[in-house]
Protein chains: 2
Amino acid sequence: MNYNTMCPKYEVAIEIIGKKWTGLIIRVLLGGAKRFKEIKKQIPDMSDRMLTERMKELEAAGIVIRHVYPETPVRIEYELTQKGTALRNVITAIQQWSEEWVD
Amino acid sequence: MNYNTMCPKYEVAIEIIGKKWTGLIIRVLLGGAKRFKEIKKQIPDMSDRMLTERMKELEAAGIVIRHVYPETPVRIEYELTQKGTALRNVITAIQQWSEEWVD
């Protein structure tokens, strides 16, 4: 791998996963499909508005898919796509580094 | 690994490596110690002011060390510490994901 040549794809990836809360949201969804409130519960410091915004971005980026189940009341769940699930290695690498190096 | 439990260390790591340009700066420095101008050359869209700011943050986080060589003119180089070099796995994982999934 040549670190001296900048790769635009890398920049796009960093732009997606580097946004505040996004890494945490993906980490929560790696545990399986979740409802909005379940995600919120894991990340209490994040506002509803912020989570809504991030989920829209992640849907647009093809990382999350939104399932609507026509029950009463309607049930909506968010799930990682294959592209989103493939972020597991990234999330794991960050996790391992932080456990070793962050005080 | 339990994705349902939020880890403060992970948040700190994301906070460091998720900032705009930081991933790219680390990627450049994985290629070896570099002078300010050499880093700039690899990331032409980043302003001098931004690079200065990021390098100070990375020094403060213990990821980069600044070497001053008392030559004439003085030579200053930036190098990854052990903590910084350990980010290779993170950077590589992001690189691989982006090559596979970003159009």
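Brief remarks on what is shown
- Whichever residue in region B:12-25 is among the β-branched types (Val, Ile, Thr) and facing another protein chain (nearest Cβ under 9 Å) and, among such residues, is nearest to residue A:8 (Cα to Cα): B:22
- Test result for residue B:53, part of a helix (DSSP H, G or I), closer than 30 Å to residue A:58 by Cβ and more than 14 Å from chain A (Cβ to nearest Cβ): yes
- Residues of region B:26-64 satisfying the condition of being closer than 19 Å to residue A:8 by Cα and within 8 Å of the chain's Cα centre (by Cα): B:26, B:27, B:28, B:29
- Residue B:67, sole failed condition from (1) over 14 Å from the mean Cα position of the chain (by Cα); (2) over 21 Å from residue A:14 (Cα atoms); (3) part of a loop (DSSP other than H, G, I, E, B): (3)
- Residues of region A:88-100 that turn out to be in contact with a helix residue (DSSP H, G or I) (Cβ under 8 Å, 6 or more places away or on another chain) and either at pLDDT 95 or above or among the charged types (D, E, K, R) (or both), as a count: 1
- Scan of region B:33-50 for residues that are assigned to a helix (DSSP H, G or I), closer than 13 Å to residue B:78 by Cβ and in contact (Cβ under 8 Å) with a residue 12 or more places away in the chain, ordered by number: B:36, B:39, B:42
- Extreme residue, nearest to the other protein chains (Cβ to nearest Cβ), among residues of region B:29-50 that are surrounded by fewer than 22 Cβ atoms within 10 Å (Cβ to Cβ) and of a type in the set (A, V, I, L, M, F, W, C): B:30
- The lone exception for residue A:95 - which of (1) facing another protein chain (nearest Cβ under 8 Å); (2) out of contact with any Phe, Trp or Tyr (no Cβ under 9 Å at 6 or more places or on another chain) it fails: (2)
The values are calculated or read from the model by the stated rules, or taken from the named source; none is laboratory data. Predicted, not measured: the structure shown is a model, and the values here were computed from it. Because the Cβ atoms are built from the backbone with ideal geometry, glycine has one as well, and the counts that use them run over all protein chains shown.
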